[in-house]
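For reference, the structure discussed in these notes is given below.
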Amino acid sequence: MFSPRTLVTVLRAGNAAARLRATRDGQAAVRLHVGAAGLGTGVLDAVRDGPATTADLARRLGVAREDLLEAFLRVLSVADLVREEDARWSLAPAGRAVVSDDLVRASYEAFAGFHTGVYRELDGLLAGAPGRRDVVEQGAVIARVSAAFEPFVDDVLREAVAEASPRRVLDAGCGAGLQLATMLAAAPGAEGVGIDLDEAAAALARRTLDDRGLGVRGRVLRADVRDLAVGTAGTFDLALLANVVYYVPAEERPALLAGIAALLAPGGTLLVVTTIATPHLFSRHFDLLLRAQEGDMSLPDVDSLSAALRAAGLLPREPRRIAPGAPLIALEATRLR
């Protein structure tokens, strides 16, 4: 144990609280990157294949530096991701969760990757370097991480379906089609249309509907919601715009919302689900990440979003926070005419 004199010296040397916080933050960062490296190098997946010696793992992975692999395994061990017994390595419970729970896995990949990468490149971005392409190139990881919010979105969506009793539903920016499937399942007599600009996402949404036996009542189009045929105007009772607004430049959002409003029947409802700009740390971080991308992306604030909905001929209700500790809201708006 250290002496009282040592404790006094430590407390008097600089900002003790700030030093402690920096140390804790640094250790958390190390743990994050240890887990991500365990996945990125394939070490954790190799250990999942069964207990193995360092030499066995080096052969499985095609590793040239067995000594470095041994040192990394010892790091993974003190991080409680692997454990050693009789000179053989196996997954610890926490490590098994990392490799088997896709949300945990995606979180390590995302936060140790592009989420922190933006800060490593921020000096260049501030100097005018080309914007990042995370939204384009990391779409699959973004979708996997976003799955954390699916239960909350699903709950709000089912409430909206129960209230609207829709005959036709629209999912603008449907992605994998999970929310469109939720709406159709919650409204057994309804038909639905999903729209996405990405052909791969549209194909995945079609498979989602088919796999759930909903393909007969739902169809998916690769299109921009603003370019839908006039014949569909006024034919939807409920429309969803989930996690899309912040990818659209602020000056184009009123036109997007007006285009969706035109597709609603009088009295129809648009449900907007989005992360919003707040003093919340993740909100500020996410807004920075968006602004660092190619294109003009940013988080909306509640006031500007409500104003854009009103300008589109919609009457917005009070927004609702739908995920504990996260700046994620649901905002319903009704077509007036």
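So, R0 is 22 Å and r is the distance between the beta-carbons of L315 and E163; what FRET efficiency does that work out to, to 0.05?
FRET efficiency, L315 to E163: 0.90.
For the chain, the share of DSSP beta bridges that are antiparallel, to the nearest 5, is 45%. Report summary: the helix-based calculation at 222 nm, which adds -39500 (n - 2.57) for every DSSP H run with n ≥ 4 and divides by the residues of the chain, gives -15000 deg cm²/dmol. T208 contributes about 20 Å² of solvent-accessible surface, heavy atoms of the protein only, 1.4 Å probe. Looking at the range 239-311, the pairs of alpha carbons with a distance over 14 Å make up 60% of the total.
Placing a pseudo-label 7 Å from each Cα along the Cα-to-Cβ vector at R133 and A148 gives an inter-label distance of 2.7 nm.
Residue-wise HN-Hα couplings along the range 94-102, as the Karplus relation 6.51 cos²θ - 1.76 cosθ + 1.60 with θ = phi - 60° gives them from phi, are 5, x, 5, 5, 5, 8, 9, 9, 5 Hz; Gly and Pro carry x. In whole percents, the pair-distance distribution calculated for the range 141-199 from its alpha-carbon pairs, binned every 10 Å from zero, is 23, 53, 23, 2.
So for each of 235-244, 184-193, 264-273, 17-26 I average, over its residues, the number of other beta carbons within 10 Å; can you give me the resulting order with the highest mean first?
Packing order, densest peptide first, comes out as 235-244, 264-273, 184-193, 17-26.
Apolar share of the accessible surface for the range 82-237: 54 percent from carbon plus sulfur atoms, 1.4 Å probe. Here's how it looks for V220: its modeled amide H is under 5 Å from those of G194, which are all 5 or more places away or on a different chain. Rg and Dmax of the range 68-222, based on Cα coordinates, read 21.1, 64 Å. Given the alternatives (1) 22.9; (2) 22.3; (3) 23.6, Kirkwood radius over Cα pairs in Å as computed for this entry is given by (1). Remark on V82: its backbone amide H falls under 5 Å from those of S77, A92, a criterion applied only to residues 5 or more positions apart or on other chains, H modelled at 1.01 Å from N.
Taking amide H as placed 1.01 Å from N in the peptide plane, G268 has its amide H under 5 Å from the amide H of R335, each at least 5 places away in sequence or on another chain. Taking θ as phi - 60° and the Karplus parameters 6.51, -1.76 and 1.60, the scalar couplings of the range 139-154 work out to x, 5, 5, 4, 5, 5, 5, 5, 4, 4, 8, 4, x, 6, 5, 4 Hz in sequence order, x denoting glycine and proline.
Taking Lys and Arg as +1 and Asp and Glu as -1, the other residues whose beta-carbon sits under 13 Å from that of D210 total +4.
For the chain, the per residue solvent-accessible surface stands at 51 Å², with DNA, RNA and ligands left out and a 1.4 Å probe.
The values are calculated or read from the model by the stated rules, or taken from the named source; none is laboratory data. Since we're looking at a predicted model, the values are computed, not measured. Cβ: placed from backbone, ideal geometry, glycine included. Neighbour counts: every protein chain shown. Each accessible area value is taken on the protein alone, full model and side chains, heavy atoms only, with ligands, DNA and RNA left out. Shrake-Rupley method; radii C 1.70, N 1.55, O 1.52, S 1.80 Å.
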